[in-house]
Amino acid sequence: MGFWGSFGKIIMGKPVYDETSVADTLYPQPQESTATSSSPKSAFVDEHGNKIVPEITFTHFKSHRDGTRVKTWAWVANNSPFDVEIVKVNLLRQQQDIHRRLRPGEGHEVVVYAGSPLASDHDHQARAYYKIQRNDDYFLAEYSIEYNRESDGTYSIEEFHRTYQPRDI
C-alpha cells in the first residue's frame, strides 16, 4: 500500500495498518492443495503404511558326504516383488556367506552347511540374513531345522521350518 492509500484510510477513519494484511504481506501462507493426499507412495510400503517384508524360502535340501566332510545344499527362492540379496545363513555354530542376488520369483542352489557329519540333532536354530537390493534394508528370517537320521547314526538336514515372521533388522 502506498502513501496515498494510507492517507485515504486516515481520512476515512480506518486503521492504516491491519494486522492480517501486514502478516499476509510479510509471510504469505501457502495454498492448501488436495495433492497432499495423493502423494507418491514408496514401493516398499503397503496401502496401510506398513513396511513390506520380502519373503524367502529354503527347499530341496541335499547333503553330500565326502569322507569326513558333509556339504548340505538348499534351493533358496525369492517370493517377493523386490530384488533381494541372500547375505548369509547361520546354523550349527557356523556361518555361510552367500551374497546371492535373486530377482522376484527366482531361486538358486546355495550351500547352507559345510562341516563334519552331524552326530546329534540337538541344535535346531537357523537364521537367514537378507536385504532388499534397492534400499539395503536388512531382514532376518528364523527357522527350526528338521533332521533326517542316516543309517550310520549321523544326521542330515532335511528341512527348514520358519519359526517367526521375518523381521526388519
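Where a number appears in this text, it was derived from the coordinates with a stated rule and is not lab data. Model, not experiment: these values are computed from the prediction. When we count neighbours, we look across all protein chains shown, and the Cβ atoms used for this are built from the backbone with ideal geometry, even at glycine.
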Quick one: check the C-alpha center-to-center distance for the stretch 125-159 versus the stretch 63-122, whole angstrom.
-> 7
The stretch 56-168: translational diffusion in µm²/s, Stokes-Einstein, Kirkwood Rh over Cα pairs, 10 °C, 1.306 mPa s = 110
Listed by chain and number, the residues whose amide H is under 5 Å from that of Glu158, excluding neighbours fewer than 5 places away on the same chain and using placed H, are Glu146, Tyr147, Asn148
Which lysines have a Cα less than 19 Å from the Cα of Lys51, not counting those fewer than 8 places away in the same chain?
-> Lys41, Lys131
Most exposed first, judged by fewest Cβ atoms within 10 angstrom, Thr59, Thr68 run Thr68, Thr59
